[in-house]
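Everything below concerns the one structure shown next.
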Amino acid sequence: MTATAPAVARAPRFDGGGLFRDLLSRYALVLIWALMALGFWVAKPGIFGTPQTFSSIFGGQQVVIILAMAVLITTIVGEIDLSFAAVMGLTATIIPMLAGLHGWPLWLACLVGLGAAAICGAINAWFVVGQGLNSLVVTLGMATLLQGVAQMLSNNSIVSVVDPGFAKIALLQIGGMPVSFYYCLLLALVIFYVLGWTPLGRSMIFIGTNAEVARLAGIRVAATRFGAYIVSALLSGFAGLVLVASVGGFDSGQTMSYLLPPLAAVFLGTAVVQPGRFNPIGTLIAIWFLTTGIFGLQLLGATGWIQNVFYGGALVVAIALSKFIRDRAKARGLG
């Protein structure tokens, strides 16, 4: 009987090329961002390469970041919510209207504004989740309705409230950045943790991938979708609160200008950190990437139209890129 030689275990071979491709797929946008910033700095070193510019790019996008996180919550569970900007606008109208025009205590005006936002989210959820209506149609209609309500409440004029203590909620400087900047970082990290390390986050991702399979697996699909709408609306209301605290008022006619930037950032964020997946860290990077590009082009002489062109183009490219990444991932999985 011949003895069989024991199999020799082979150590896994390091694939440097594969690691490089993986890093490039995850952080290509960060590399482009760095090169773009370098180009603007070389072109305008006395303006772009200053602490003021750094603060403008990273410390001036809090409202967009909070709105983007609101969009992220519903998008992850497979919903489309186009009412987030209007919900923000309603809250940003209610707070100065009650506190500035009618003399209500600011804390009570803020509670009413956030409560109104939560009710809007519940109405969206009732129509979409409870009645099975199309989320795109419902939330688009709700956005138009809420903008009209805000214009009615403000009488189509700017409503304002002046209170230094209230302004500190958003503008108090910590380490050279407004405190609202840290709110945004904390919010992104909390969402990142929930999605990556909690049963709720995994359920949300599962529902967004295939709601019917998630339901058969025992996940409370309807309750999770309903909750996503309410949390998203509350975050939108919070964005309105931060906006009013930052600038002291709001013009309801500007509501829809806050619609495109968060959407563009959320979809562009699927190309960063976790390719093909909606994720908060990628969304943060996408917002700062877009802000850097717009700011730099404006320094080079581009007029106000550049913002719409940049955000609109970024949204189209981001949606196409997201689909490409997802299709490629599915093809690899099948292979």
Do the conditions hold for G201, that is, is it of a type in the set (G, A, S), surrounded by fewer than 18 Cβ atoms within 10 Å (Cβ to Cβ), under 27 Å from V149 (Cβ atoms) and modelled with pLDDT under 95?
no
Of all residues making up the range 242-259, the number that are assigned to a helix (DSSP H, G or I) and either on the phi > 0 side of the Ramachandran plot or not hydrophobic (A, V, I, L, M, F, W, C) (or both)
7
Looking at the range 220-254 only, could you name the residues that are among the hydroxyl-bearing types (S, T, Y) and under 15 Å from the mean Cα position of the chain (by Cα)?
Y229, S232, S236
Out of (1) modelled with pLDDT of 75 or more; (2) part of a helix (DSSP H, G or I); (3) of a type outside the set (S, T, N, Q), the odd one out for R277 is which?
(2)
Tell me which residues, restricted to the range 276-297, are farther than 10 Å from A314 by Cβ and either touching a strand residue (DSSP E or B) at 6+ places or on another chain (Cβ under 8 Å) or not hydrophobic (A, V, I, L, M, F, W, C) (or both).
G276, R277, N279, P280, G282, T283, T291, T292, G296
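The values are calculated or read from the model by the stated rules, or taken from the named source; none is laboratory data. Computed from a prediction, not measured in an experiment: that's the story for all the values here. Every residue, glycine as well, gets a Cβ built from its backbone with ideal geometry; the counts of neighbours run over all protein chains shown.
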